[in-house]
Amino acid sequence: MEALLEHPGYEEERLRRVAEQLPCREVQAGMLLSLMGRPQQYSYPSIFIYGHRASGKSHVMQVLLKELELPHATVSCVECVSVALLFEQVLLSFFGCDAASLLPRSPSLSDFVRIYRQQCSESPAKQTRYVVMEKAELLRDTDANLLPALLRLQELVEDNVTVILLSEIVWDKFRPNTGCFEPLLLHFPDYSKGELQQILSQDRHPSYSAEFYSSYINILLGVFYSVCRDLRELRHLAALNFSKFCEPVAEGKVNLNLHVAFPVTELCFMSAVKETDTHKLWRNIEPHLKKAMQTVYLREVSSLQWEQMQQMEEKEAGALRGLSAHTHVELPYYSKFLLIAAYLASYNPARTDKRFFLKTSNHLLGPKPFPLDRLLAIFYSVVDSRVAPTASIFSQISSLVTLQLLTQVSHDDQLDAPKYKCAVSMDFICAISRTVSFDIVKYLYDFL
């Protein structure tokens with residue numbers, strides 16, 4: 001790694017520390033150092049660094065500037081909602097509070113250039129100053145003259161300053177229509193699977209060996225690499241699910257023997273852990289990884305809330321284990337209420353729609369046929385207080401018949417008054433009712 005970061009303008013010890021903090025990005029860091037040149041010499045006016053999210057652009061820049069002790073101003077285009085904040089951040093980083101206070105309330109580009117040149121005459125640069133613009137694609141939404149001015153800021157302020165733009169889009173989509181000074185381009189490619197394995201394995205848990213954590217990362221990448229190559233997202237998923245992977249080990253169901261020094265691969269993990277133990281670890285983590293696959297990039301809940309939701313789902317799964325698999329069917333909102341209404345019409349006598357008085361158990365006698373108008377009357381009654389019934393009701397009734405959740409008992413030629421019968425079980429309709437917060441037991445005659 002040291003050979004990749006050799007540079008005559010910097011000490012070898014500092015370059016070594018830089019290389020240690022930039023795994024799998026030594027090539028890009030070396031190229032960037034070559035573009036930046038020696039600290040005391042003039043650098044190229046502007047550099048455009050582009051690559052996908054979490055490809056190491058900001059991290060490489062911050063490590064280089066910090067470890068090599070180069071004067072710099074890091075500006076986030078997300079936080080700087082106005083050009084005034086941008087100008088203030090640059091002057092504050094290079095010249096201090098007094099220089100930033102010289103800006104008028106609504107500064108223009110000429111005000112910024114004038115104050116910058118004034119401060120340069122008082123404090124000339126001894127080495128190259130760097131202005132790093134993160135999320136630089138947002139500059140396209142600012143004043144039309146701001147981006148061209150930043151690209152040639154070195155010429156405007158007559159100072160040894162280089163502007164570095166970090167963006168997730170290519171320069172062809174970034175270039176202004178009116179033309180501008182062309183920056184040097186540097187691309188940061190996505191991390192490969194092997195590079196992600198190497199980087200994520202460095203975050204190992206202190207209670208477990210490096211080989212064991214690397215085997216876990218290998219399993220994680222085998223599941224998520226095809227849909228997610230974002231280093232930050234994968235690191236979040238690794239930290240979130242590692243406790244589930246370790247459960248068989250913590251409970252003593254798996255014995256580890258990871259004291260052999262060899263490269264970490266699936267084969268070495270198989271040799272260190274018995275095949276049956278490997279299957280135990282995989283079976284324990286597989287359902288949790290499938291659930292996590294549904295929330296990649298979303299971050300709808302915090303890590304703690306995610307763990308609590310998993311525990312609640314495990315308890316509910318134990319309670320519903322004896323129910324039919326049909327209780328987990330997904331139906332449109334109105335179809336659920338139509339099915340509830342059909343169940344009530346099948347098991348409640350017609351004359352009890354207004355008042356209940358029959359004493360025979362209708363569930364023992366089986367479902368009864370009912371006409372379409374009765375189904376719709378019950379449906380509008382149970383759904384009316386929740387949402388206006390504006391959906392295509394008749395097409396959803398046909399869909400329920402196609403799914404064999406309803407059965408049409410009248411002849412096909414009876415278009416004016418078709419009759420139906422509900423064909424689902426009590427467990428099924430109770431599960432459907434819970435999804436729409438409807439207590440169907442309160443409306444069943446047999447349970448009064």
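I'd like the projected area of the stretch 111-222, averaged over all directions, using the convex hull of its alpha carbons. Report it in nm² with one decimal. Walk me through the intermediate numbers first.
Numbers: hull surface 45.2 nm².
Result: a mean projected hull area of 11.3 nm².
Using a 10 Å cut-off on Cβ atoms, rank the peptides 72-81, 113-122 from the highest mean neighbour count down. Write down the numbers at each step before the final one.
Values: 72-81: 17.1, 113-122: 15.3.
Per-residue Cβ counts within 10 Å, averaged per peptide and sorted highest first, yield 72-81, 113-122.
Enter the accessible area per residue of the stretch 91-197 (Å², integer; probe 1.4 Å; all protein chains in place).
Per residue, the stretch 91-197 has an accessible area of 50 Å².
If you look at just the Cα atoms of the stretch 33-86, how large are its Rg and its Dmax in Å?
When restricted to Cα atoms, the stretch 33-86 yields Rg and Dmax of 13.0, 34 Å.
Largest first and in whole Å, give the semi-axes of the stretch 101-154's equivalent ellipsoid, each being the square root of 5 times a Cα gyration tensor eigenvalue. All intermediate terms of the calculation are to be shown ahead of the outcome.
Numbers: eigenvalues 91, 52, 18 Å².
Gyration-tensor ellipsoid for the stretch 101-154: 21, 16, 9 Å.
For the stretch 33-122, report the translational diffusion coefficient in µm²/s to the nearest whole number, using Stokes-Einstein at 25 °C, 0.890 mPa s, and a Kirkwood Rh over Cα pairs. Kindly include the intermediate steps, with their values, before the conclusion.
Working: Rh = 15.0 Å.
Diffusion coefficient, whole number: 164 µm²/s.
Considering the Cα trace of the stretch 63-176, what is its radius of gyration and what is Dmax, both in angstroms?
13.6, 39
Efficiency by 1/(1 + (r/R0)^6): what FRET value for L35 and E251, r their Cβ-Cβ distance, R0 = 51 Å, to the nearest 0.05? Let's see the in-between values first.
Values: r = 54 Å, r/R0 = 1.06.
Rounded to the nearest 0.05, the efficiency is 0.40.
The values are calculated or read from the model by the stated rules, or taken from the named source; none is laboratory data. Predicted model only: the values in this text are computed from it and were never measured. Methodologically, a virtual Cβ is constructed for each residue, glycine included, from the backbone with ideal geometry; neighbour enumeration extends over all protein chains shown. These area figures cover heavy atoms from the full protein model, side chains too; ligands, DNA and RNA do not enter into them. Shrake-Rupley method; radii C 1.70, N 1.55, O 1.52, S 1.80 Å.
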